[in-house]
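The values are calculated or read from the model by the stated rules, or taken from the named source; none is laboratory data. Predicted model only: the values in this text are computed from it and were never measured. Cβ placement follows ideal geometry from the backbone for every residue including glycine, while neighbour counts extend to all protein chains displayed.
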Amino acid sequence: MEVLHKIGRRKTAVARVYLSQGEGKITINKKELTNYFPTATLQYKVKQPLVLTENETTFDINVNVFGGGITGQAEAIRLAISRAMCELNDENRGILKPEGLLTRDPRMVERKKFGQKKARKKFQFSKR
């Protein structure tokens, strides 16, 4: 199997995932998964597509991720891995789609408007 390349996005985070045959090592920005994401919930989010498709020890995953915060980055990686799993085997799509792992979350930060304090908050109004 050659190296499979997929991209996942969430908010402003962009993750490029390179999947190759191996024994289950996940490297993110040249760091180990447990070093890059110290909390168990973020590690679970990254591994979720592999656990659901029972491929935890089948592939080595190398990830380049930038932008956004740690949660956005973890979810961007999850989307990219899910897309890669679907390309490897079409049956994985039926497992991952009901869990919502193939859906790109379109929510972004709303832009600040001129004449306002923030995106929706207005400056204080004074009647007199």
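Looking at LEU50, is it crowded, with 18+ Cβ neighbours inside 10 Å, over 11 Å from the mean Cα position of the chain (by Cα), in a helix (DSSP H, G or I) and at pLDDT 90 or above?
It is true that LEU50 is crowded, with 18+ Cβ neighbours inside 10 Å, over 11 Å from the mean Cα position of the chain (by Cα), in a helix (DSSP H, G or I) and at pLDDT 90 or above.
Against the conditions (1) over 17 Å from GLU32 (Cα atoms); (2) in a helix (DSSP H, G or I), where does PRO98 fall short? Just the number, please.
It fails just one condition, (2).
Scan the range 68-121 residue by residue and report those that are in contact (Cβ under 8 Å) with a residue 40 or more places away in the chain, of a type in the set (D, E, K, R), out of contact with any strand residue (DSSP E or B) (no Cβ under 8 Å at 6 or more places or on another chain) and under 20 Å from GLU56 (Cα atoms).
GLU99
Has the range 103-124 got any residue that is farther than 22 Å from ILE26 by Cα and outside any loop (DSSP other than H, G, I, E, B)?
Taking every residue of the range 103-124 in turn, none turns out to be farther than 22 Å from ILE26 by Cα and outside any loop (DSSP other than H, G, I, E, B).
Please verify whether ALA119 is of a type in the set (Gly, Ala, Ser), modelled with pLDDT of 90 or more and surrounded by 12 or more Cβ atoms within 10 Å (Cβ to Cβ), treating the condition exactly as stated.
no
Scan the range 64-95 for residues that are among the acidic types (Asp, Glu) and either part of a loop (DSSP other than H, G, I, E, B) or buried (at least 17 other Cβ atoms within 10 Å of the Cβ) (or both) and jot them down.
GLU75, ASP90
Would you be able to say whether some residue in the range 15-23 is basic (Lys, Arg) and closer than 17 Å to ARG78 by Cβ?
Let us first name the residues in the range 15-23 that are basic (Lys, Arg), namely 16.
Filter again for closer than 17 Å to ARG78 by Cβ, leaving 16.
Taking every residue of the range 15-23 in turn, at least one turns out to be basic (Lys, Arg) and closer than 17 Å to ARG78 by Cβ.
Could you run through the range 53-63 and say how many residues are assigned to a loop (DSSP other than H, G, I, E, B) and either in contact (Cβ under 8 Å) with a residue 12 or more places away in the chain or within 21 Å of ARG104 (Cβ to Cβ) (or both)?
5
Just to verify a result, which residue in the range 1-20, among those that are more than 12 Å from the chain's Cα centre (by Cα) and not hydrophobic (A, V, I, L, M, F, W, C), is surrounded by the fewest Cβ atoms within 10 Å (Cβ to Cβ)?
Selected residue: GLU2.
Going by the conditions given, is GLU23 exposed (fewer than 14 other Cβ atoms within 10 Å of the Cβ), in contact with a helix residue (DSSP H, G or I) (Cβ under 6 Å, 6 or more places away or on another chain) and touching a residue at least 12 places away in the same chain (Cβ under 8 Å)?
no
Kindly provide the set of residues from the range 26-47 that are surrounded by fewer than 16 Cβ atoms within 10 Å (Cβ to Cβ) and within 17 Å of GLY67 (Cα to Cα), ordered by number.
Residues of the range 26-47 surrounded by fewer than 16 Cβ atoms within 10 Å (Cβ to Cβ): 29-32, 34-35, 38-41, 44.
Hits for the range 26-47 are ASN29, LYS30, LYS31.
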